[in-house]
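Trainee: My questions all concern the structure below.
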Amino acid sequence: MTDDCSDAGKSSWPELVGINGEVAAKIIVRENPKVRAGIVKEGMMVTMDFRCDRVRVWVDKYGIVKDIPQIG
C-alpha cells in the first residue's frame, strides 16, 4: 500500500465516537468496503506504518470508541 489514499472512499468517522467499538467497526466496513476495521484497546501498542486499507477503532476499557476512527 502507498500513502496515497485518494480513491480509498470514506476515510474518517467522527460520528462514531462514544458508541460501542464492535458496532463502530461494522459501520466502518459497511460504509467503506475497501478497509478492514480493527478494535484496539486504549494503551495497546501498534505499528506506526500507514495503510490505506486499515482503520483502527480505539476503545476504552468499556469498549466505547474514544478517538475518531480514520484510515491509517
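Trainee: Can you give me the angle between helix 21-31 and the longest principal axis of the chain, using Cα atoms only, in degrees from 0 to 90, rounded to the nearest 10?
Mentor: That works out to roughly 20 degrees.
Trainee: With n ≥ 4 as the cut-off for DSSP H runs, can you work out [θ] at 222 nm for the chain, using -39500 (n - 2.57) per run divided by the number of residues, rounded to the nearest 500? Working shown, then result.
Mentor: On the way: 1 runs with 11 residues, N = 72.
My calculation for the chain gives -4500 deg cm²/dmol from helical runs alone.
Trainee: For the chain, with only Lys/Arg (+1) and Asp/Glu (-1) charged at the beta-carbon, what is the dipole magnitude about the Cα centre, in debye rounded to 20? Please list the in-between numbers first.
Mentor: Numbers: 11 positive and 11 negative charges, 53 e Å.
Dipole size: approximately 260 debye.
Trainee: Still on this structure, please answer the following. Take TRP58, TRP13 and sort them by solvent-accessible surface of the protein heavy atoms, 1.4 Å probe, largest at the top. Don't skip to the end; give the middle numbers.
Mentor: On the way: TRP58 65, TRP13 0 Å².
Solvent-accessible surface, decreasing: TRP58, TRP13.
Trainee: What span do the alpha-carbon atoms of the chain cover on each of the three principal axes, reported in whole Å from largest to smallest?
Mentor: Per principal axis, max minus min of the Cα coordinates gives 33, 25, 15 Å.
The values are calculated or read from the model by the stated rules, or taken from the named source; none is laboratory data. Here the structure is a predicted model, which is why all the values come from computation and not from measurement. Cβ sites come from the backbone with ideal geometry, for glycine too, and all protein chains shown count toward neighbours. Please note that ligands, DNA and RNA were not included when accessible areas were found on the heavy atoms of the full protein model with its side chains. Shrake-Rupley method; radii C 1.70, N 1.55, O 1.52, S 1.80 Å.
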